[in-house]
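This report concerns only the one structure given below.
The values are calculated or read from the model by the stated rules, or taken from the named source; none is laboratory data. Just so it is clear, the structure is predicted and the values come from calculations on it, not from any experiment. Side chains included, ligands, DNA and RNA excluded: accessible areas come from the protein's heavy atoms. Shrake-Rupley method; radii C 1.70, N 1.55, O 1.52, S 1.80 Å.
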Amino acid sequence: MRRFMAVCLALLVLLSLQVPSHAVNREAETAAETLYQKGLFRGTGTDPSAPPVFELERVPSRTEAITMLVRLLGAEEEALSGAWPMPFRDVEDWARPYVGYAYAHGLTAGTSAAAYGGDAPVTAAQYLTFMLRVLGYESGRDFAWDRAWDFADEIGLTDGRYTAANDAAFTRGDAAIVSLALYERQQSGVSAGTAEWTHEDVMTRTLDDAAIAKLQRIALPRLKDAISTYGDFAAWAAGQTAEYRRESGDRSGAGVLFDAALQYVFTEEYLCSNMLAALAVYCLEDDYEGIGILAGLAYDEQWQGVLAGNYIPVAGGYLVLPAGGAAELSRRHGTESMTFRAGSVERLADAAALLPSGWDLGQLWQISTSDSRYFAFSKGALLPEERADTRLLYENPEAALRRTSLDQSTFGFATPAETATALTPASGLALSRGSIDQAAAEVNTMADFFAYLYYSGFHAYGSDLYLDDRESGLNWHFNCLPERVFADNAGNCGGTAGLAAYLLDGDYDEVGLIGITFAAGEGGGHVINYVRDGGRYYVFDPVNLVSGGFDARGLNLQSAATLEAAAEKWAARSHWTEKLMMAYESTTGDSPVGWGETNVTFMFQNDKANMRILLETESQGYQFVLQSGKDDLRAAIEAARARGKSGVYDPN
């Protein structure tokens, strides 16, 4: 769900037929009238001077119910403007945006693999399940969907009137009654929690320092069994020896998998607040019912970053907790903790007020599981997976505009005029939300491209795609198409270099990429860019500009009269040992490279325009072998590139 009660339950019911007023249950009529006055319930009739008419005794269909839910979430505009693939063949055209949106967000399923069954009547259990999901509860975890009335009664949403006996007799009048109860509950700030915990309670230590020390290297399931309070978890986290960073991935703020958090903890590589928050949920989900992650996309004048912490539902609201151990680890490593301040809130959205000083919040997300890729920057937004366990609580698009203009004076341009760009924080962010061809029309210089990366919130993230060639034994490495990189607003070296070549194509005398193979043991290779402007070549590294925090050292902009000389100057200032360098022109992404057990790099002959070798170290076995690619192998690589997923090629 991408909006959480964003406009106070924008519930709009489609109604068409009149019934006598004496046949309508008085409570249902009152509820419908109240919602109607608030703009949340529609009447029917063509006479604007006449009282509204409601079909309160009719049983709504599944399609009507899901339409109510989408409108309840304030998501109707998004539903109507989106394209939502779904397998159902029995959904009417007018209803496809609503059913498709709900299906894409895990809110509904069909009656079979190809049928939605939209004409079937909705039951009390189904409608109450929808309402409970709006409140943040999960079927299968918090309640049984086919007896949703039990839990609805328990939390006071309903009063015992719905049972198995009348499950199938749920009317539109009942829908009005339940919807009004939900509206009043939301307005009153009643929360999901019933526990009486305080901050002091959850931060209690049951394990002393000696016991915590013994837990530092044990297997995670044993750690989960040993830790039972947030205080113990914070003590364990504070004892980690991994480097603490203000962001996951690199300085651009890439998302991580929960599994990666475990890997980084136990290989002592690095930690950050979002990893700690995920680990806390894993370790304590059996100890604190409903514990989850708060993830916020925040901005100061020079930075965008993810702040993460935890929340625990309690009676009357939620406890908001700084990510366990973050404060101690950040002090030890001399960096910011990038987490929330401790506090108590009635609604989770109120946690927006618990940011550290100096930060503005762009988005706030609730994440109710540790087991997902739970955030990734894209175009000024923090976008978790499309899952029912993520919910947008707060959004302020203006926060992204707080960033100051990018200073390119130290980037190594020959003259100050070359640093000029018409892009601003507002126009750069807006450009990233349009089409790639619109961006190409506005990005006409290197300075434009660097500004675009900065203002759009582009992040350096992801590893190569690869195809395991079982026939030759080679592993072919390549990256996503520029269109995919633009849409994701994220890419690794090859993806970012491919995007640069696409956006700058036609703006210089020559625009291309340089594929690099490093010395054995240095991590494979890299892809950078070059342009020719008049009689001079420029070589630069856009992905390391991003990952290096837009520092000139990451960009490593070098120029010379020949491409070979410019590339040599770039290599002399890089921190790798370059053994092979191949230049080529391309607007369709980087050229695939095949690596095996030797130092040879295989490439497809004539794969890209103007391919030429800039560096070979044949005396050490580093050389290029250009081969004619089999059509089916090339097709398999391009299919994997288009999907954005690695694969296997086995002609047998």
Kirkwood-type radius of segment 49-157, with distances r between different C-alpha atoms, in Å: 14.8
Solvent exposure, largest accessible area first (probe 1.4 Å, DNA, RNA and ligands not counted), of 608, 645: 645, 608
Which of 131, 86 is most accessible, then next, and so on - probe 1.4 Å: 86, 131
Evaluated at q = 0.24 Å⁻¹: base-10 log I(q)/I(0), Debye formula over Cα of segment 281-330: -0.96
Shape call, segment 553-598: gyration tensor on alpha carbons, a/c limit 1.5: oblate
Compactness relative to 2.2 N^0.38 Å, alpha carbon Rg of segment 393-444: 1.39
With DNA, RNA and ligands ignored, accessible area of residue 57 (1.4 Å probe; Å², nearest 10): 100
Potential lengthening between residue 576 and residue 138 on full extension [0.36 nm per residue; Cα-Cα distance subtracted]: 152.8 nm
Residue 619 accessible area, 1.4 Å probe, all protein chains in place, Å² to nearest 10: 110
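In what order, largest first, do 455, 508 sit by accessible area if the probe radius is 1.4 Å? Each step should come with its number before you reach the end.
Numbers: 455 15, 508 35 Å².
Result, largest first: 508, 455.
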Accessible area per residue, Å², segment 517-628 with all protein chains present, probe 1.4 Å: 41
Calculated P(r) of segment 476-629 - Cα pairs past 23 Å, %: 31
Stokes-Einstein D for segment 428-501, Kirkwood Rh over Cα pairs, 4 °C, 1.567 mPa s (µm²/s): 99
Percent accessible area from carbon and sulfur atoms, segment 438-534, protein chains only, probe 1.4 Å: 43
Out-of-range pairs (alpha-carbon distance over 28 Å; input 224/645; 569/608; 569/630): 224/645; 569/630
Convex hull projection area averaged over all views, segment 129-242, Cα basis, nm²: 10.2
Where Rh is the Kirkwood radius over Cα pairs, Rg/Rh for segment 508-569: 1.00
P(r) tail fraction, segment 571-636 - alpha-carbon pairs more than 14 Å apart, %: 62
For segment 130-180, the spread of Cα positions along each principal axis, largest first, Å: 27, 23, 16
Segment 293-357: equivalent-ellipsoid semi-axes (sqrt of 5 x gyration tensor eigenvalues, Cα, Å): 22, 14, 8
